[in-house]
There are 2 protein chains.
Amino acid sequence: MGRLFATYDLETPTTLEQAAKVIAGEQSSGTFLKLPGETDRLRERSGARVEQITATSTSRTPSLPCRISAESYTRGEITLSWPLDNMGTSLPNVLATVAGNLFELADVSALRLTDISFPKEFAMSYPGPTYGRLGTLALAGVKDRPMIGTIVKPSVGLSPVETASLVEKLVEGGIDFIKDDELQANGPHCPFEERLHEVMKVINSHADRTGKKVMYAFNITDELDTMRRNADLLQRAGGTCAMVSLFPLGLTGLTAIRRHVDLPLHCHRNGWGIYSRSPDIGISFRVWQKFWRLAGADHLHVNGIANKFTEADETVIENARSLGNPLSGEHGYQAMPVFSSGQTAVQMEETCQAVGHTDFIYCAGGGIMGHPGGVAGGVASLIQAAEAAVGGIPAHVFAKDHKELSQALELFGRKNGAGDGK
Amino acid sequence: MGRLFATYDLETPTTLEQAAKVIAGEQSSGTFLKLPGETDRLRERSGARVEQITATSTSRTPSLPCRISAESYTRGEITLSWPLDNMGTSLPNVLATVAGNLFELADVSALRLTDISFPKEFAMSYPGPTYGRLGTLALAGVKDRPMIGTIVKPSVGLSPVETASLVEKLVEGGIDFIKDDELQANGPHCPFEERLHEVMKVINSHADRTGKKVMYAFNITDELDTMRRNADLLQRAGGTCAMVSLFPLGLTGLTAIRRHVDLPLHCHRNGWGIYSRSPDIGISFRVWQKFWRLAGADHLHVNGIANKFTEADETVIENARSLGNPLSGEHGYQAMPVFSSGQTAVQMEETCQAVGHTDFIYCAGGGIMGHPGGVAGGVASLIQAAEAAVGGIPAHVFAKDHKELSQALELFGRKNGAGDGK
């Protein structure tokens, strides 16, 4: 069997060599006393190996509170490897190995898991996304351009009938994709089943008339029995997408629903700030997305250029591109990036160029609802922006004979509007 | 329906009032543009409310990298509340609400979720721990003192037969509780089913001879189908405890296994450092444990006094005590604290006094294996320490006519041994 490799950015009050050794021991066969059972043969077979150590800098103060104090704290990168024999091809057990107790060790004053490499054996256990990029586009009937989407707003508070009435405006406006907000759960004011019924009535009737079935990501996040029931209702009603919040589900929850439902899973990463916000603790998106793609994520949220949150544009783009990198041997497992957060027609050109392909979902909220031409104008402006980008024509040029795009660029222009992330 | 309350420790480049308003909006009915659908009536019904704001300090630099820069950053505590009508009594959806996108907001330069209060309606949806503190003690046949436990070490690398042979020494030594290390998964070198078979042969035969059935927490962490299969095998073999790693399972995964298996769930918190290590991002144990107790955690790891990790003793004790606080109306949902990490007979007295009750599991590794009297001596030293603490007799006095305790205090004494966390 192969070996699993993980890379960390760490800071230590001891030495990088010592910290690497402690982590390797703690996360495989070691304990704080040399035990009779820990023979050389056992350690050779089951111990984690330190593969690489690179020092990068030192500082006088620890980045995080640390029980061991030192004159100087050394920062660097280490790579460890584990025999797959220890944990098998089980993602939950891999997570406990590479991202378990080690974050609490007194030997580190900063620790981020920055990369992971899954050997090809994982492809035998995890089939990955059911639809992925190409399957989603085919199911939504969108060709050769990004899918234009939006989020139902207000996020919560609309009744099923009010939601359906908003959806009607959106599908009439020509949108490709709509999603529930991640806060839209299954509360008594807007129960799932009733919302599904009202919304699918609109979507199915529009599809019957026009041949275009708008993809709606219904939030089914819940306990497993309820999720399965709601996913079944969703499929029976002709729905084409289910949305879940990844942190509450866990890897085990996502795999369980992936195995149950034959629909693209639209995966929301709310809670991601806990893992990403501090430069000194957490897990990189580069690592995190690999777990979820293996477990079956079809769509993954990646924020957006000039977003209203905190990620830099370069990070957003690097994360979006990472979803297309092959993982676990030759298997692609490509997931579809979902851009969202303060998006309007303004950022489309840059997004298409930076991502390197156009198989993504581009969600705008205010960028559609706030357009002077109303919902139809907002959607048209985004489709025009996408067409310009795909055709290699600068947006401001294409806008000359495309009114809605022109209006959007003027209203949402990065210097004085929503597009700057305010 | 009641309201859900959450409290945050936050730092902001704007004002506490502004940050509180942004979070309340983002996590309920708001968006970055005032939308026609967001009526006053809707906001009144579905919006989050700012309940309380208290400033604590200011600083010149932001605690975390932040896109909005300011002359001064204000730190303080805010409490928000949500109508349960928004998300219903669904823990996964509560998590997405109180610990979702907000951590990424540019309006905060530090954010920790520090408290949560679940209204009594949750008791209708979540039955909580099946066994909890008293059920576990009854099942293990331990009365009026802490359960003495250990972890199989080396953590990984032993074969099923080697594991069983270590277990034999431990049960003969009089131990109450044994657990797999969280790294012991279901790999080809030590497959679950074979390990279960070999270990239960030892435990069942010892129970037949002596009437004492040692509780063994088998790590069943895995994808749900496999977990259910292994939990079934475990029950059929006469096993009395299943262990899971909480982060990989997620709330959805834990609830699913809770509903399937009638055994105490021994819940491991590996990965906890990501949530706890930074003072500027994350979730407090006070909050975190409430989610898991509602979802069905019977035992929860709380580290230990003078541990080898980084938590201060006061934090450890506060966390352990929190598992006994009632939650969701009148329902107790008491979970059993599990002390572990560098524990020996030395910390027993202080632990019993500080926790305020003795219904806990006390796991020692080196504190048993490293005892001069061998495994039996190590276990005896811990039982003696527990008896002394329960009887209110100082350990050093009780040690005068209890040899194993005396040896342990000498060897592991806090000033020069494992007990100081090294």
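The values are calculated or read from the model by the stated rules, or taken from the named source; none is laboratory data. What you see is a predicted model, and the numbers here were worked out from it, not measured in a lab. Ideal geometry is used to build each Cβ from the backbone, glycine not excepted, and the neighbour counts take in all protein chains shown. Keep in mind that these areas ignore ligands, DNA and RNA; they rest on the heavy atoms of the full protein, side chains included. Shrake-Rupley method; radii C 1.70, N 1.55, O 1.52, S 1.80 Å.
Pull up the range B:188-236, narrow it to residues that are surrounded by 22 or more Cβ atoms within 10 Å (Cβ to Cβ) and in a loop (DSSP other than H, G, I, E, B), then point me to the one that is farthest from the other protein chains (Cβ to nearest Cβ).
For the range B:188-236, the residue satisfying everything is B:214.
Determine, yes or no, whether residue A:139 is in contact (Cβ under 8 Å) with a residue 24 or more places away in the chain, farther than 30 Å from residue A:66 by Cβ and of a type in the set (A, V, I, L, M).
yes
Residue by residue, here is whether (1) within 20 Å of residue A:278 (Cβ to Cβ); (2) touching a residue at least 60 places away in the same chain (Cβ under 8 Å); (3) more than 12 Å from every other protein chain (Cβ to nearest Cβ) holds:
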site	(1), (2), (3)
B:47	no, no, no
B:75	yes, yes, yes
B:85	no, yes, no
B:88	no, no, no
B:93	no, no, no
B:101	yes, yes, no
B:122	no, yes, yes
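Quick check on my filter: what residues within the range A:124-163 are within 12 Å of chain B (Cβ to nearest Cβ) and under 22 Å from residue A:193 (Cα atoms)?
Matches in the range A:124-163: A:150, A:151, A:152, A:153, A:154, A:155, A:156, A:157, A:158, A:159, A:162, A:163.
Working only within the range A:258-273, note down all residues that are closer than 30 Å to residue B:112 by Cβ and part of a helix (DSSP H, G or I).
A:272, A:273
I'd like the full set of residues that are surrounded by fewer than 18 Cβ atoms within 10 Å (Cβ to Cβ), of a type outside the set (Ser, Thr, Tyr) and part of a helix (DSSP H, G or I), limited to the range A:141-166.
A:161, A:162
Any idea how many residues of the range A:3-48 are at pLDDT 90 or above and surrounded by fewer than 17 Cβ atoms within 10 Å (Cβ to Cβ)?
4
When you scan the range B:274-298, how many residues do you find that are in a loop (DSSP other than H, G, I, E, B) and in contact with a helix residue (DSSP H, G or I) (Cβ under 9 Å, 6 or more places away or on another chain)?
Count: 5.
Return the residues of the range A:125-140 that are of a type in the set (Gly, Ala, Ser), open to solvent by 40 Å² or more (accessible area, probe 1.4 Å) and touching a strand residue (DSSP E or B) at 6+ places or on another chain (Cβ under 9 Å); say none if nothing qualifies.
None - no residue of the range A:125-140 is of a type in the set (Gly, Ala, Ser), open to solvent by 40 Å² or more (accessible area, probe 1.4 Å) and touching a strand residue (DSSP E or B) at 6+ places or on another chain (Cβ under 9 Å), so the list stays empty.
Do you know which of the residues in the range A:278-298 that are under 15 Å from the mean Cα position of the chain (by Cα) and open to solvent by 20 Å² or more (accessible area, probe 1.4 Å) is farthest from the other protein chains (Cβ to nearest Cβ)?
For the range A:278-298, the residue satisfying everything is A:286.
Looking for something farther than 19 Å from residue A:308 by Cα and hydrophobic (A, V, I, L, M, F, W, C) - is there at least one such residue anywhere in the range A:328-338?
Taking every residue of the range A:328-338 in turn, at least one turns out to be farther than 19 Å from residue A:308 by Cα and hydrophobic (A, V, I, L, M, F, W, C).
Yes or no: residue A:180 buried (at least 22 other Cβ atoms within 10 Å of the Cβ) and acidic (Asp, Glu)?
yes
If a residue must be more than 14 Å from every other protein chain (Cβ to nearest Cβ) and assigned to a helix (DSSP H, G or I), how many such residues does the range A:299-345 contain?
Selection size over the range A:299-345: 6.
Mind telling me which of the residues B:251, B:224 ends up being of a type outside the set (Gly, Ala, Ser) and without any contact (Cβ under 8 Å) to a residue 60 or more places away in the chain?
Exactly one residue qualifies, and that residue is B:224.
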